[in-house]
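Undergrad: Just passing along the structure, written as structure tokens.
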Amino acid sequence: MQRRNFLQTTARCTVAAGLLGTAGVLAAKKKAVAGASVWQIDPEKCIGCGACAYRCVNTVSAVKCFHNFKMCGYCDLCTGFFDPQPLARNAGAENQLCPTNAISRRDVETPYFEYQIDKELCIGCGKCVDGCFSLGNGSLFLQIDQSRCKQCNQCAIALYCPSKAIQKISAEQGYLFKATES
Ligand code: SF4
Ligand code: SF4
Ligand code: SF4
């Protein structure tokens, strides 16, 4: 694939991500009652401490990893994907950071790789978020998936969160996404 095609693919992914976000917002709006609010993580405040995976009242946390494709470097050696001390130089499960194999990668143009999150498998542990933030562009972030959140009167994670990153926002607004660098 030529670089121009890759960039077109990237643009399509970005648009797709935007549409997915829009779909989520629209879904949230459908459910929204006038004046209602929803729990959301401020991605700029979250430090990926890992508590979102086990503090949620749901058996499997409503918090999932989201990906801002516009910020992603499409790195071959993605520090959100690979264990910092891989056993070998390959993308096998034994070398991956994610404990549930929720992240998949696809070669889009050597040396660029696209990373996708399977939200059914993601448990919101934040390992990939921390890894991406440490050495990458910080394009992976945690967010409360509105389709899975019970909208508890008091979010159990918010009560605990060490960085006070969880807040209520207008249901009309729906989601807080990570800011895109221009
Ligand atoms: S508890 Fe707070 S800081 Fe920790 S991962 Fe969740 S939102 Fe981020
Ligand atoms: S590392 Fe944790 S937060 Fe990231 S995709 Fe896997 S389960 Fe989700
Ligand atoms: S409001 Fe309840 S269901 Fe939603 S993330 Fe917080 S604890 Fe989980």
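Undergrad: Work through the residues other than G48 whose Cβ is under 10 Å from its Cβ and net out their charges, Lys, Arg +1 and Asp, Glu -1.
TA: 0
Undergrad: Sorting check: for 117-126, 153-162, which peptide has the highest mean count of neighbouring beta carbons within 10 Å, and how do the rest follow?
TA: 117-126, 153-162
Undergrad: Under 13 Å from the Cβ of Q154, count the other residues' Cβ atoms, weight Lys and Arg +1, Asp and Glu -1, and hand me the total.
TA: So the environment of Q154 carries a net charge of +3.
Undergrad: Which order do the peptides 79-88, 37-46 take when ranked by the mean count of other beta-carbon atoms within 10 Å per residue, highest first?
TA: Ranking, from highest mean packing down: 37-46, 79-88.
Undergrad: Continuing with this model, one more query. Hey, can you rank 96-103, 52-59 by average C-beta count inside 10 Å, highest first?
TA: Highest to lowest by the protection proxy: 96-103, 52-59.
Undergrad: Could you list K164, K64 in order of exposure, starting from the residue whose Cβ has the fewest other Cβ atoms within 10 Å?
TA: Ordered by Cβ neighbours within 10 Å, fewest first: K164, K64.
Undergrad: Neighbouring Cβ atoms within 10 Å as the yardstick, rank L140, L135 fewest first.
TA: L135, L140
A short reminder: the numbers here are calculations on the coordinates, not readings from a lab. Keep in mind that this is a model prediction, so the values were computed, not measured. Cβ sites come from the backbone with ideal geometry, for glycine too, and all protein chains shown count toward neighbours.
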